[in-house]
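The block underneath contains the structure these notes are about, expressed in structure tokens.
The values are calculated or read from the model by the stated rules, or taken from the named source; none is laboratory data. This structure is a prediction, so every number in the text was calculated from the model and none was measured. All Cβ positions, glycine included, derive from the backbone under ideal geometry; neighbour counts span all protein chains shown. Ligands, DNA and RNA are stripped out before the accessible areas are found, and what is left, the full protein with its side chains, is counted by its heavy atoms. Shrake-Rupley method; radii C 1.70, N 1.55, O 1.52, S 1.80 Å.
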Amino acid sequence: MEFKLARQKISHKLKLFGSKKIRQNKIYVPLATKNNLIEIAAMARKIQKKGLPKHLVLKKLNGNLGHGIFLHPEAKPIMMGETIAPYSGEVYIAPQNIGENSDYVFSLISDLLLTKEEQRLLDPKSRYHPRRLYSLDLDAYKKGNFTRFINHSDKPNVEAQLLRIPVNSLGLQPAHFEMIYIAKKMIRPGQQLLVCYDGEDKSYWGPLKIKPYQMTPKTFQLNSSLQIF
């Protein structure tokens, strides 16, 4: 497992820009709870040390479905509301609706209008247009952690939440916005972790140009020998 980026990688100017736009657009970003912070800090240490925590298993799925992340059959259940991990990767800004070049992109903040000075600073190669919409995107294609292998489902047991990480005593760098995976329901030993990638336009399968695969937590599971059944 080569992906050991515990948290998102974001430049200082994008941190300031994102914070400014959250205030200007009155975007509500919930504050991470004390339990969230404790769990994020613990998971960050595990990712930096091993990449894949020992209570999780990375397995190749059948056919062309790629890999998936499973809860180890001998692990304790993951309870609803429990933190899975930050979805890590590189944060960048890009014009919306230009076609994503990665299957691992999450839009953190969208529908952003840039001033002429902001575009000169953040998108200098493009001609200025006052009505062009931008988004802050998080891409785990080149850098990330095990969360990039959590597959899509219309019936997920994991949800992606944009949270604010406050000043804390746990060694976590504060963040005005960060994508955190949280258990949407109890995840039982042997079950696959699944999250819904769809936005409001239900656009996950279309850009990939592949036939939708209706995967649920019960579609594939691990037995005690770590074999998929």
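Direction-averaged projected area, Cα convex hull, the stretch 59-140: 8.1 nm², rounded to one decimal. Between the beta carbons of Thr33 and Tyr128, assuming R0 = 41 Å, the FRET efficiency works out to 0.50 to the nearest 0.05. Shape index of the chain: Rg/Rh, with Rg the Cα radius of gyration and Rh the Kirkwood radius from the inverse mean 1/r over Cα pairs, equals 0.98. Counting only heavy atoms of the protein chains and using a 1.4 Å probe, Leu162 has close to 40 Å² of accessible surface.
Does anyone have the angle between helix 12-24 and the longest principal axis of the chain? Alpha-carbon axes, 0 to 90°, nearest 10? Between the helix axis and the principal axis of the chain, the angle is about 80 degrees. Seen from Ile78, the other residues with C-beta closer than 13 Å to its C-beta sum to a net charge of +1, counting Lys and Arg as +1 and Asp and Glu as -1. Converting the Cα gyration tensor eigenvalues of the stretch 41-80 into ellipsoid dimensions via √(5λ) gives semi-axes, longest first, of 21, 14, 8 Å.
Ordered by 1.4 Å accessible area with all protein chains kept, Ser169, Ser224, Ser11 run largest first as Ser169, Ser224, Ser11.
The long axis of helix 34-50 is offset from the longest Cα principal axis of the chain by roughly 70 degrees.
Shown here is the pair-distance distribution of the stretch 101-155: with all Cα-Cα distances grouped in 10 Å bins from zero up to the longest one, the shares run 20, 37, 27, 14, 1 percent.
Between the exposed loop cleavage positions of the chain, defined as trypsin sites (Lys or Arg not before Pro) in a non-H, G, I, E, B DSSP state with at most 12 neighbouring beta-carbon atoms within 10 angstrom, the longest gap is 55-124.
Full extension of the segment from Gln173 to His12, taken as 0.36 nm per residue of separation minus the current Cα-Cα distance, would add 56.7 nm. For the set Glu118, Glu159, solvent exposure ranked by accessible area (probe 1.4 Å, protein chains only) runs largest to smallest as Glu159, Glu118. For the residue pairs Lys13/Lys116; Lys9/Lys34; Lys9/Lys218; Lys76/Lys155; Lys13/Lys59; Lys34/Lys59, alpha carbon separations beyond 27 Å are given by Lys9/Lys218; Lys13/Lys59; Lys34/Lys59. Any idea what diffusion coefficient the stretch 1-135 gets from Stokes-Einstein, in µm²/s, Kirkwood Rh on alpha carbon pairs, 37 °C, 0.692 mPa s? Approximately 184 µm²/s, per Stokes-Einstein.
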